[in-house]
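All remarks here apply to the structure that follows.
The values are calculated or read from the model by the stated rules, or taken from the named source; none is laboratory data. What you are looking at is a predicted structure, and each value in this text was computed from that prediction instead of being measured. We place every Cβ from the backbone using ideal geometry, glycine too, and count neighbours over all the protein chains shown.
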Amino acid sequence: MPYTPQILLWGFLYFCRIGSMVMVFPGFSTRRFPVFIRLMLAIGLTMALAPMLLQSHGAMPPEREPAPAVLLSLAWMESLKGLALGLMGRMFFLAFEFLATAMTQFVGLGNFPGAPVEGSQPVPALVSLVMLMATTLVFVTGLHVQALKAVVDSYAVLPLGVPGAPGGLLDDLAGSLAQATFLSLQAVAPFLVYAVMANLAIGLINRMTPQIPAYFISLPLIMAGGLFLLYFTVDDMFMVFVSAFTGWLNGG
């Protein structure tokens, strides 16, 4: 296939969707990667995928160069589609980070500061560890390649140049957020049950012996019990999260 100006324009439109997805997708969008590195990664992925997209999912370039207004509109639409795809995946990590933060509060470990993995806000050290493990599992299990395959498959549902319905994209985002929140709640449910039972028992003890500050004395025991529970449930917690994320990539 000859490299004509029309081919380069279509490659730019592919870059709008792939690049915007890479900029917000978990793992690729971490602040530990400089913006320049992410930009070069997006360009490299576009150059690798564009020939296949031109032959399969994407429409062939027109014989005439589109008007600047039309090209700007197409670039805007493709960028929105890529952002929607990346945000749907990011919803799983945001929900998991939110409930992991709640988990640390349940076991009394929320006051130990740590460095954030994905975002810019400070989070507890246990949350940093959990999110670092979740991000590592995405790359170790090959889910980042599956995410790129999902972008390629998206051209069959939302072809190049065809505007996507804003209501449909918002419904997909809301559905991904609801699914991610529910599955993340399943992952940290043992800690919620543990916190309710432990605090209820401590409250009863404090009620029966008001002279003894049972709550402050029991805090180290709650922390030790939370870490003990994490030791036995960490495998299942990440299995639930990775299975949910894989299911979304395969069927979402």
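Remarks
- Set side by side, the residues LEU229, LEU221 differ, and just one is at pLDDT 85 or above, part of a helix (DSSP H, G or I) and farther than 19 Å from MET91 by Cβ, which is LEU229.
- Some residue of the stretch 173-196 being farther than 29 Å from VAL24 by Cβ, part of a helix (DSSP H, G or I) and free of Cβ contacts under 8 Å to residues at least 12 places away in the same chain: yes
- Candidates VAL196, VAL240, filtered to the one that is modelled with pLDDT of 85 or more, more than 19 Å from the chain's Cα centre (by Cα) and under 20 Å from LEU99 (Cα atoms): VAL196
- Applying the criterion of being among the polar types (S, T, N, Q) and not in a helix (DSSP H, G or I) to the residues of the stretch 118-160, the residue that is nearest to ALA75 (Cα to Cα) is SER120.
- Boolean, SER218 is free of Cβ contacts under 8 Å to residues at least 60 places away in the same chain and either touching a helix residue (DSSP H, G or I) at 6+ places or on another chain (Cβ under 8 Å) or farther than 18 Å from VAL107 by Cβ (or both): yes
- All positions within the stretch 189-214 that are under 24 Å from LEU230 (Cβ atoms), touching a Phe, Trp or Tyr at 6+ places or on another chain (Cβ under 8 Å), surrounded by 16 or more Cβ atoms within 10 Å (Cβ to Cβ) and not aromatic (Phe, Trp, Tyr): ALA195, ILE202
- Only one of the listed residues (VAL70, VAL123, VAL130) is β-branched (Val, Ile, Thr) and at pLDDT 80 or above. That residue is VAL130.
- Note on the stretch 150-172: residues that are modelled with pLDDT of 75 or more and surrounded by 15 or more Cβ atoms within 10 Å (Cβ to Cβ) total 7.
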